[in-house]
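**Student:** Please see the structure below; I have some questions.
FYI, it's all coordinate maths here, none of it is from the lab. This structure is a prediction, so every number in the text was calculated from the model and none was measured. Here Cβ is always computed from backbone atoms with ideal geometry, including for glycine, and neighbour counts include all displayed protein chains.
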């Protein structure tokens, strides 16, 4: 072999080894860069998502502060479903203030029920009243404007056949009261 051929052969071998070395070194390096860039993109998306959630939490806190005074009022609108004594006292006082005699009982469907389309469970009361027509109308008006969530389900007013009091009427009222 001639000297020039040996040089070309040595050059080719070293060039081949150099190219192999470059490929063996750079391939893992580029794969690591690719993997790190995918991780970086994933972390960046997660950070953007968390920043959006933080913004939403801030909005929710602000709205809660705006609504907080009314939340206490909502609680007072609902009757205690386990012991509705305060509500019964309220009805008795309302009847007394309206000069109406009243009998209060849980309706046959008076157990606490929560229907699918309602946010709160409800109690049903049957009210039997006696007085003059105007007093009963005042009682019903005060009942509708009461500080409780009440819905009158049924109302029937009948004239009493009482010879002593010609203006006397009786009323049967079925009410639904939302409870907590």
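**Student:** Any chance you could give the angle, 0 to 90 degrees and rounded to 10, that helix 3-77 forms with the longest Cα principal axis of the chain?
**Tutor:** The answer is roughly 10 degrees.
**Student:** A follow-up question, please. For the chain, what is the relative contact order in percent, using Cα pairs closer than 8 Å and at least 6 residues apart in sequence?
**Tutor:** Value for the chain: 20 percent.
**Student:** How much length is gained on full extension from residue 62 to residue 99, taking 0.36 nm per residue of separation minus their Cα-Cα distance?
**Tutor:** 8.6 nm
**Student:** Here's another thing I want to ask about it. Between residue 144 and residue 71, what FRET efficiency follows from the Cβ-Cβ distance if R0 is 22 Å, with the result rounded to 0.05?
**Tutor:** E between residue 144 and residue 71, to the nearest 0.05, is 0.40.
**Student:** Looking at region 1-77 from every direction and averaging, what is the projected area of its Cα convex hull in nm²?
**Tutor:** Reported value for the Cα convex hull: 7.3 nm².
**Student:** Just checking my list (1) 1.74; (2) 1.01; (3) 1.58 against Rg/Rh (Cα atoms, Kirkwood Rh) computed from this structure; which label fits?
**Tutor:** Derived directly from the coordinates: (1).
**Student:** Same structure again: For n ≥ 4 DSSP H runs only, could you compute -39500 (n - 2.57) per run for the chain, divide by its residues and tell me the 222 nm figure to the nearest 500?
**Tutor:** -20500 deg cm²/dmol
**Student:** On a full-extension model of 0.36 nm per residue, what is the gain between residue 38 and residue 11, subtracting their alpha-carbon distance, rounded to one decimal in nm?
**Tutor:** Taking residue 38 through residue 11 to full extension adds about 5.8 nm, to one decimal.
**Student:** Mind pulling the angle between the C-alpha long axis of helix 85-97 and the longest principal axis of the chain? Nearest 10 degrees, somewhere in 0 to 90.
**Tutor:** 40 degrees
**Student:** Could you calculate the FRET efficiency of residue 82 with residue 134 from 1/(1 + (r/R0)^6), where r is the beta carbon distance between them and R0 is 45 Å, rounded to 0.05?
**Tutor:** 0.80
**Student:** Something else: Taking 7 Å along the Cα-to-C-beta vector as the label spot, tell me the residue 18-residue 153 distance in nanometres, rounded to one decimal.
**Tutor:** Roughly 9.6 nm, to one decimal.
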